[in-house]
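Structure, as structure tokens:
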Amino acid sequence: MLTYNEHIELRNKLFKGEIQLEVAKAQFWGDVKEGQRSWHTKDWQERRLKFLKDKCEICSGNETLTIQHLSHPKKHSEYLREITRKYAKDHIENNPEINKSEFTDYVIKNHDYVPVLLCPNCKNKNPSERVRKTPKYRCVDCKHEFDEAIYRSVNELISIYYENKDAYEVVDKCFISKDKWRNKNNLSGIKYWMQRERAKNIDSETIEKEAFLLHLDDCIKYLSFEDAITACKKCAYNFDIKKMELCPKCKQHYKGLQYPTCIECLPEDKRKAALESIQFGKEWHEMHKRLGID
């Protein structure tokens with residue numbers, strides 16, 4: 001695993017073009033062992049000793065002190081999605097239209113079509129299917145009864161879509177992607193993914209490099225202890241696991257990160273309401289538990 005300074009050196013080389021992206025990735029991930037974390041390294045331990053203060057910066061305690069990060073690096077895959085979306089947006093703005101024939105080929109090649117059934121009389125969607133009665137279908141709107149429903153072909157739907165992208169006929173997610181995800185899409189969704197794929201293919205190396213540099217920046221910030229404090233084990237646990245911190249008013253009770261104070265420090269009327277809400281939640285949970293629906 002790379003040291004803090006090695007991260008900085010790798011980032012600078014990649015940014016200046018002194019090293020290829022694939023080589024940089026290999027250096028970054030190549031020697032990382034399964035289960036290994038940055039705080040297991042000698043480099044971290046040495047810098048940790050210099051960083052730690054003599055007491056917790058939250059509660060002023062001095063028992064089992066540790067480094068508490070206030071932010072954590074995003075995953076490389078998160079940055080990759082984020083940057084891809086940005087390039088896709090720019091590509092769509094500059095190339096808003098797709099050739100109808102190319103779009104049709106893309107739809108048919110990459111999706112299975114599950115048509116929406118229509119009434120043959122009024123063309124309304126999803127007639128009621130009957131199990132015992134005949135005829136098999138009955139239209140909810142015009143009350144027409146029939147055995148054979150009709151549906152629009154892929155080419156018909158695409159023609160309607162190219163005339164009016166907001167048409168009633170093309171809003172249904174009746175196309176299922178042929179990949180392992182089997183995502184349901186309508187034609188607008190398919191058009192976006194087609195344009196996104198094109199943008200990614202055009203700028204794949206730029207996207208990959210930009211995303212990897214941002215991930216490196218995050219890792220360097222984390223390793224630098226820039227956004228970190230000294231905390232005791234109790235405060236660190238409450239912050240990381242329970243998303244709570246010590247109340248700044250009383251310095252005794254812990255509160256959710258989203259709240260200004262703990263319940264005990266609220267005005268009497270708000271404190272009473274909060275306690276009643278908590279009690280109601282507990283009773284509701286117990287009732288669900290007894291009924292076996294928790």
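Coordinate-derived values only; no laboratory data. Only a predicted model underlies this, so the values are computations on that prediction, with no experimental measurement involved. Don't worry about glycine lacking a Cβ; one is built from the backbone with ideal geometry, like all the others, and counts go over all protein chains shown.
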For Val116, what residues show an amide H to amide H distance below 5 Å, using hydrogens built from the backbone and excluding near sequence neighbours?
Arg152
State to the nearest 20 debye the size of the charge dipole of the stretch 246-291 about its Cα centre, where the only charges are +1 on K and R beta carbons and -1 on D and E beta carbons.
160 debye
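How high is the relative contact order of the stretch 246-291? Use alpha-carbon pairs under 8 Å, at least six apart in sequence, and give a whole percent. Display every interim value, and only then the final one.
Working: 26 pairs, mean separation 9.5, N = 46.
Dividing the mean separation by the residue count of the stretch 246-291 yields 21 percent.
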Total charge dipole magnitude, the chain, about the Cα centre, Cβ charges on Lys, Arg, Asp, Glu only, Debye to nearest 20:
900 debye
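Loop only per DSSP, at most 15 neighbouring Cβ atoms within 10 Å: give me the trypsin sites (Lys or Arg not before Pro) in the stretch 148-207, ordered by residue number. Please report the intermediate quantities before stating the final value.
Details: sites: Arg152, Lys165, Lys173, Lys178, Lys180, Arg182, Lys184, Lys191, Arg196, Arg198, Lys200; in loops: Arg152, Lys165, Lys173, Lys178, Lys180, Arg182.
Those that pass, being in a loop and sparsely packed, are Lys165, Lys173, Lys178, Lys180, Arg182.
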Of the candidates His40, Leu14, Cys59, the farthest towards the positive dipole end of the stretch 11-59 (Lys/Arg Cβ +1, Asp/Glu Cβ -1, centred on the Cα centre) is Cys59
Of all the Cα-Cα pairs you can form in the stretch 158-274, what percent are over 24 Å apart?
64 percent
Calculated FRET efficiency, Val114 and Arg138, Cβ-Cβ r, R0 22 Å, to nearest 0.05?
0.55
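Say the cut-off is 25 Å between C-alpha atoms; which of Lys74/Lys289; Lys75/Lys184; Lys75/Lys209; Lys143/Lys165; Lys125/Lys165 go over it?
Working: Lys74/Lys289 37 Å; Lys75/Lys184 27 Å; Lys75/Lys209 14 Å; Lys143/Lys165 29 Å; Lys125/Lys165 18 Å.
The answer is Lys74/Lys289; Lys75/Lys184; Lys143/Lys165.
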Hey, what do the phi angles of the stretch 252-269 turn into as Karplus ³J(HN,Hα) couplings, whole Hz, using 6.51/-1.76/1.60 and θ = phi - 60°, x for Gly and Pro?
10, 9, 8, 9, x, 4, 7, 9, x, 9, 6, 4, 4, 8, 6, x, 3, 5
Exposure-ranked with fewest Cβ neighbours within 10 Å first, Tyr106, Tyr259 stand as Tyr259, Tyr106
Diffing the stretch 57-71: the Karplus 3J(HN,Hα) column from phi (6.51, -1.76, 1.60, θ = phi - 60°), in whole Hz with x for Gly and Pro, holds 7, 9, 10, 6, x, 10, 9, 6, 7, 8, 8, 10, 7, 8, 8
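Can you pull a Stokes-Einstein diffusion coefficient for the chain at 4 °C (1.567 mPa s), Rh from Kirkwood over Cα pairs, as a whole number of µm²/s? Walk me through the intermediate numbers first.
Numbers: Rh = 25.6 Å.
Estimated diffusion coefficient is 51 µm²/s.
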Given labels modelled 7 Å from the Cα in the Cβ direction, how far is it in nm from Ala26 to Ser224?
2.9 nm
Evaluate the distance, in nm, between pseudo-label points positioned 7 Å from the Cα of Glu6 and of Tyr151 along their respective Cα→Cβ axes.
5.7 nm
With unit charges on the beta carbons (Lys and Arg positive, Asp and Glu negative) and the dipole taken about the Cα centre of the chain, which residue among Asn186, Asn124, Gly281 sits farthest to the positive side?
Gly281
Considering only C-alpha atoms, what is the centroid distance from the stretch 248-290 to the stretch 182-197, in Å?
45 Å
Using a Förster distance of 25 Å, how high is the FRET efficiency between Ser204 and Ile19, based on the Cβ-Cβ distance and rounded to 0.05?
0.85
If you rank Phe103, Phe15 by fewest surrounding Cβ atoms within 10 Å, what's the result?
Phe15, Phe103
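Determine, for Trp181, Trp193, Trp44, Trp29, the number of other Cβ atoms within 10 Å of each Cβ, and report the residues in order from fewest to most.
On the way: Trp181 8, Trp193 16, Trp44 19, Trp29 11.
So the ranking, lowest neighbour count to highest, is Trp181, Trp29, Trp193, Trp44.
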Within the set Lys100/Lys173; Lys123/Lys191; Lys86/Lys180; Lys33/Lys242; Lys86/Lys191, which residue pairs have Cα atoms separated by over 21 Å?
Lys123/Lys191; Lys86/Lys180; Lys33/Lys242
Computed about the Cα centre, the charge dipole of the stretch 78-118 from +1 Lys/Arg and -1 Asp/Glu charges at the Cβ has a magnitude in debye, to the nearest 20, of 60 debye
Charge dipole of the chain about the Cα centre (unit charges at C-beta), most positive-ward option of Thr3, Pro96, Pro135
Pro135
Each label sits 7 Å from Cα toward the beta-carbon; between Cys122 and His253 the label points are separated, in nm, by 6.0 nm
In deg cm²/dmol, rounded to 500, what helix-only [θ] at 222 nm does the chain give when every DSSP H run of at least 4 residues adds -39500 (n - 2.57) and the total is split over its residues?
-15500 deg cm²/dmol
